Amino acid sequence: MTGLGDRILGLGLLVLAVAYGWAAQQWPEPFGGAETVGPETFPTILAVVLAAGSLYLMVKPDPDAQWPLGKSAFELVVALVVLVVYALLLEPLGFVIATTLAVGTLSWRMGAAPKPAFITGLLSAVVVFVLFNYGLSLSLPAGLLEVH
Amino acid sequence: METLGFLMDGFAVALTPYNLMFALFGAFVGTLIGCLPGLGPANGVAILIPLAFTLGLPPETAMILLTSVYAGAMYGGRISSILLNIPGDEPAMMTCLDGYPMAQKGRAADALAVSAIASFAGGLIGTIGLIMLAPVLAKFALTFGPAEYFALFLLAFATLGGITGKNPVKTVVAAALGIMISTVGIDISTGTQRYTFGVLELYEGIDFILAIVGLFAISELLFFVESRMGRGRDKMNVGKLTLTMKELVMTIPTQLRGGILGFISGVLPGAGASLGSFISYTLEKQVVGKKGKFGEGDIRGVVAPEAGNNGASSGALVPMLTLGVPGSGTTAVLLAMLISLNITPGPLMFTQNADIVWGVIAALLIGNVLLLVLNIPLVGFFVKLLSVPPMYLLPIVTMVAFVGIYSISHSTFDLYFMVAFGVAGYFLRKLEIPLVPIILGLLLGPEMEKNLGHALVLSDGDWSVLWESPLAMGLWIVAGLGLILPYLVGPLLRRRMNAAMKENPVSD
């Protein structure tokens, strides 16, 4: 079936719109009594608009996009894992080590040879670290490299 | 005359050595952003916002920096159009038509020089237009009530897809999503917690800066990973400058026409820089007629779209500064900076923050001169940067985005949030849901709700107040047209643009 992507998107958005609109009706009446425009008025309008849009997408979807399969999909997942791990390790390992690993891995996976990739990572990490910590006196985490 | 006085004050702000330094830096970085592969103007400005924020720059300096980047990016976009036949950004598409053939004939240096001059002329005309039009519009906008503002916001969303936009329903869906994200947090008027699910980090709402950086920068990285376009391009040879004074003088009328047309289409909602450069090019072809060699490297075919696109970029600042309603992605990002500096955009800015507004406008004039000076001698340097492979560049850009977001709050929670927005941005872009209405929704959502509330309180709950006044009615009608016209005119215009590209025999 063509337009599957838009149909799934429409379904997802419809669920979101209903949940969002329903949640808005559950809030307690604000202190001081109800007014014409309460906290739920605007979200309710939005839910209706989104629901209408999502129904349209399901009825008249656009042609599908090319979705990555196999190797590209794998590379995307790798890139995503790198980003999450980077955020995770930024504080424990410190900025320089975490950045060298993250930038290096990303460059390498995007097609650079491993050695120049990690050298790029190290160089950019050191430059940004020095610039921020000494030039602009904004502290980035030093982590393992911290001098006690 | 009053305006002239304000402008002088603006120059006094912009010409302080501190601000001048940031304008120069911004112009340089902007050109880089414009010419580097995979870094559009909106994207580049977005990454710089957290940095400008954490550096603790004073508001006028921060705005001067970002406006210079914006102007610079418009200059930079032409470089890869001319040398590689690959537009750096969408408005630079028309520059390919005659710019690339000129480069193939060994006149790359001339094309680059003349397009820099055309960009300067366009930017100058646009800024003069901005100076004349903005105060008038701001005064007019003071008569707007909450109902008119509400209608104006709707108009902004409706026309954001632009005349050439594909599916208006997707624009509507995107806008609704953006506004929905902006409702997360504690309601400002009643104090009700909305959609916080008891998570402490959500009480203050979702920071739009991290949403913007995630949606633009991270999704761009993912796109490059997917397409595996990591390899760089071959080095380019620019050759010698052979441009004569006579040729330059010949293009002056073209520059004027292009700049003015561009400015007009920049101001109009829904037109934007792409249409500005397209109209300038087409009109130029009509005016010159058979005498021209358009599509084979006519110098006027480079001048017209470049003047048009830079005129439009100044024009696009008019609605952003006077009404607080941006008409394009990059001006939306500039608006984000204003809001996070705690400045309420809109007509009052001209009286309450006159130093910022006029400082920015003066900086735009100075920036254009700086850009011209930078671009002619340094073009070789920028050309070298074109061959930097994205496989090194994009990871570093991503890292800078991480650093920027991290240094605002020193919280890794924000980083996960940013990555999540990046993934969402990737899927939305794949499904052709435009990102700019989402950003605009995030920014304008709270204002929209506030104005809706005010309007209904004033009318005692009568909803018809929203379209009662003739002005509000007019805005509703234009908004409606903005949604319907792309259906009728869009396919036609797009076909014309494509036809113009195909007529070109050198598209290889």
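Each value in this text was obtained by applying a stated rule to the coordinates, not by laboratory testing. These numbers come from a predicted model, not from an experiment. In this analysis, Cβ positions are derived from the backbone assuming ideal geometry, glycine residues included, and neighbour counts consider all displayed protein chains.
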For chain B, with the dipole built from +1 on Lys and Arg beta-carbon atoms and -1 on Asp and Glu ones, taken about the Cα centre, which of B:V13, B:A332, B:S115 lies farthest toward the positive end? B:S115
Based on the alpha carbon coordinates of the range B:109-223, what radius of gyration and maximum Cα-Cα distance (Dmax) apply, in Å? 20.5, 62
Can you tell me the length gained on complete extension of the stretch B:S411 to B:K139, counting 0.36 nm per residue apart and subtracting the Cα distance? 93.7 nm
Ranked by how many other beta carbons lie within 10 Å on average, peptides B:105-114, B:345-354 from highest: B:105-114, B:345-354
One would report the Cα pair-distance distribution of the protein assembly as shown, bin width 10 Å, in %, as 3, 15, 26, 28, 20, 7, 1, 0
Over what distance in Å are the Cα centres of the range A:90-146 and the range B:128-157 separated? 46
Cα-Cα pairs above 19 Å in the range A:70-145: how many percent? 39
Taking every residue in A:104-116, how many Cβ atoms of other protein chains lie within 10 Å of its Cβ, on average? 5
Give, as a single signed number, the net charge of other residues whose beta carbon lies under 12 Å from the beta carbon of B:T3, with Lys and Arg counted +1 and Asp and Glu -1. -1
Pair B:I86, B:W467: separation of 7 Å Cα→Cβ label points (nm): 4.7
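Kindly provide the Kirkwood hydrodynamic radius of chain A in Å, to one decimal, from all pairs of distinct alpha carbon atoms. Each step should come with its number before you reach the end.
Numbers: mean 1/r = 0.0500 Å⁻¹.
Averaging 1/r across every pair of different Cα atoms and inverting gives 20.0 Å.
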So what's the net charge close to A:L69: Lys and Arg +1, Asp and Glu -1, counting the other residues with Cβ under 12 Å from its Cβ? -1
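Given the Cα-Cα distance of B:V287 and B:L492 and 0.36 nm per residue of separation, how much length would full extension add, in nm?
On the way: separation 205, 0.36 × 205 = 73.80 nm, distance 2.20 nm.
Here the answer is 71.6 nm.
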Once all Cα-Cα distances of the range B:342-486 are split into 5 Å bins that start at 0, what whole-number percent is in each one? 2, 6, 7, 9, 12, 14, 15, 15, 9, 4, 2, 2, 0
The farthest towards the positive end of the charge dipole of the protein assembly as shown, of the residues B:A424, B:F382, A:P92, given +1 on Cβ of Lys and Arg and -1 on Cβ of Asp and Glu, is B:F382
Per 10 Å bin, what is the whole-percent P(r) computed from every C-alpha pair distance within the range B:2-503? 4, 20, 31, 28, 13, 3, 1, 0
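Dividing the alpha-carbon radius of gyration of the range A:4-59 by 2.2 N^0.38 Å (N being the number of residues), what value is obtained?
Values: Rg = 13.8 Å, N = 56, 2.2 N^0.38 = 10.2 Å.
Here the answer is 1.36, to two decimals.
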